[in-house]
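The values are calculated or read from the model by the stated rules, or taken from the named source; none is laboratory data. Source: prediction; values computed, not measured. Neighbour counts run over all protein chains shown; Cβ positions are idealised from the backbone, glycine included. Accessible surface is based on the protein model in full, side chains and every heavy atom, while ligands, DNA and RNA are left aside. Shrake-Rupley method; radii C 1.70, N 1.55, O 1.52, S 1.80 Å.
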Amino acid sequence: MKTLTLDEIVEDFEFLDDWEDRYRYIIELGDELAEMPSDLKTETHRVQGCVSNVWLVLEVEPGDPPLIRFIADSDSQIVRGLVAILLMLCSGRTGPEIQSLDIESLFERLDLGKHLSRSRSNGLHSMIKRIRRLAEEHAEVALSS
């Protein structure tokens, strides 16, 4: 899955006229996620605060600086699409880059707040918090080694 900027994601979204098309697009993005190995779908990797099951794992791509990639999956089509958007935005970046991203503004610009249920919105915020926490933990480990 390729890394996109906030503007690129918003541009793709704005191309679609109505919310039915946008939901279909979100589901299609989720369909493009690489299959997550079942042995990673554990309670340890499950995002707390999501009604649907969402699993999120950080991988480090060696380099100078090392880049973070995420592997994720959900048992809900819409949530899987939201996960895909998060991964397009966050994967392939450094920990500090991820921490500095204004992810919430992306979802405001996409107008998702008005179109997601409260439980999905809460789950989305839980996923964002988990991504930031994992990136922060990675940065702390990298500094101490």
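When the helices of the chain are scored as -39500 (n - 2.57) per DSSP H run of n ≥ 4 and the total is divided over every residue, the value at 222 nm lands at -16500 deg cm²/dmol.
So between residue 105 and residue 8, what do we pick up on full extension, going 0.36 nm a residue minus the alpha carbon distance? Let's see the in-between values first.
Values: separation 97, 0.36 × 97 = 34.92 nm, distance 1.35 nm.
In short, 33.6 nm is gained.
So, in Å, what gap is there between the alpha-carbon centers of region 68-87 and region 101-121? First find each Cα centre; the distance between them is then 14 Å. From Cα pairs below 8 angstrom and at least 6 apart in sequence, can you work out the relative contact order of the chain, rounded to a whole percent? Once normalised by length, the contact order is 27 percent.
Report the local net charge at residue 90: Lys and Arg +1, Asp and Glu -1, summed over other residues whose C-beta lies under 10 Å from its C-beta.
Within the 10 Å Cβ shell, the charges total +2.
Backbone phi angles across region 78-91, fed through the Karplus curve with coefficients 6.51, -1.76 and 1.60 (θ = phi - 60°), yield HN-Hα couplings of 5, 5, 4, x, 5, 4, 4, 4, 4, 5, 4, 7, 9, 5 Hz in residue order; Gly and Pro are listed as x.
Each Lys and Arg contributes +1 and each Asp and Glu -1, all at the Cβ; summed about the Cα centre of region 61-145, the dipole is approximately 400 debye.
Atom-type composition of the exposed protein surface of the chain places 49 percent of the accessible area on carbon and sulfur (1.4 angstrom probe). The charge dipole of the chain, taken about its Cα centre with unit charges on the Cβ atoms of Lys, Arg (+1), Asp and Glu (-1) only, comes to about 620 debye. Taking the empirical scaling 2.2 N^0.38 Å for compact globular proteins as reference, region 14-120 has a Cα radius of gyration ratio of 1.11. Based on the convex hull around the alpha carbon atoms, region 58-103 presents an average projected area of 3.2 nm². In this structure the chain gives 55 Å² per residue of accessible area when probed at 1.4 Å with all protein chains present.
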